[in-house]
1. Inspect all residues belonging to segment 96-103 and state whether any of them is touching a Leu at 6+ places or on another chain (Cβ under 9 Å), open to solvent by less than 50 Å² (accessible area, probe 1.4 Å) and modelled with pLDDT of 90 or more.
2. Name the residue that is nearest to residue 109 (Cα to Cα), counting only residues in segment 131-145 that are open to solvent by less than 40 Å² (accessible area, probe 1.4 Å) and small (Gly, Ala, Ser).
3. Just to be sure I understand, how many residues within segment 146-176 are open to solvent by 50 Å² or more (accessible area, probe 1.4 Å) and under 20 Å from residue 107 (Cα atoms)?
4. Of all residues in segment 68-95, how many are charged (D, E, K, R), crowded, with 17+ Cβ neighbours inside 10 Å and free of Cβ contacts under 8 Å to residues at least 60 places away in the same chain?
Amino acid sequence: MASSSAGLVTCLTAAALATIGVLGYQASATAPADLGRTHASGTPAPGASKAPRDRRHPNALPAGSGRGERVVYSVDDDRVWLVGAGNKVERTFQVTPSTVDPVPGTYAVTSRSNRVTGSDGIPVEHVVRFTSVEGVVIGFSAAVDGSTAKPKPGERTGGIRETRADGDAMWQFATIGQRVVVVP
């Protein structure tokens, strides 16, 4: 009797696992392709103009970049601002852009890696990712060797390169969920 009960339990368990597998497959097959991806909070208007800048203070935080704690990245100026409480700029620095730019908008840090190999084959550290564009993951990182060379033309890369010191500051500041505001 005990062996027939064990056989019945085994059959029921196998049937339950098969059912879960089928349901899981059906769910993944019908889910939207972009489910779980971070999107910009708004689409820029066609011909969106560059964020207003203070001509006397070119490193000043761009007007219209929001309020509160956030990372601000200017695509046109290749500059980052780490903005703390009270809208106070804690640090600003130049970056070397990737070949694929994020669309202006508001994002959140979605993942981080202490050390990986970048899409260009260069070992990088303190990777802070916040979006993807057509399959290319976009984020900030610092090359372990300290280089900030521009990516090769024609390569599709999403790594916005910082110096190692700036990468350390970004790593400390931009934890999971931190807002990232991209301006033109």
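The values are calculated or read from the model by the stated rules, or taken from the named source; none is laboratory data. Not measured: the values here are computed from a predicted model. Positions of Cβ are generated from backbone atoms using ideal geometry, with glycine treated the same way; all protein chains shown enter the neighbour counts. When the accessible area is computed, the model is the full protein with side chains, heavy atoms only, and any ligands, DNA or RNA have been set aside. Shrake-Rupley method; radii C 1.70, N 1.55, O 1.52, S 1.80 Å.
1. Within segment 96-103, not a single residue is touching a Leu at 6+ places or on another chain (Cβ under 9 Å), open to solvent by less than 50 Å² (accessible area, probe 1.4 Å) and modelled with pLDDT of 90 or more.
2. Residue satisfying both the conditions and the ranking: 139.
3. Residues flagged as open to solvent by 50 Å² or more (accessible area, probe 1.4 Å) and under 20 Å from residue 107 (Cα atoms) within segment 146-176 amount to 3.
4. Number of matching residues: 2.
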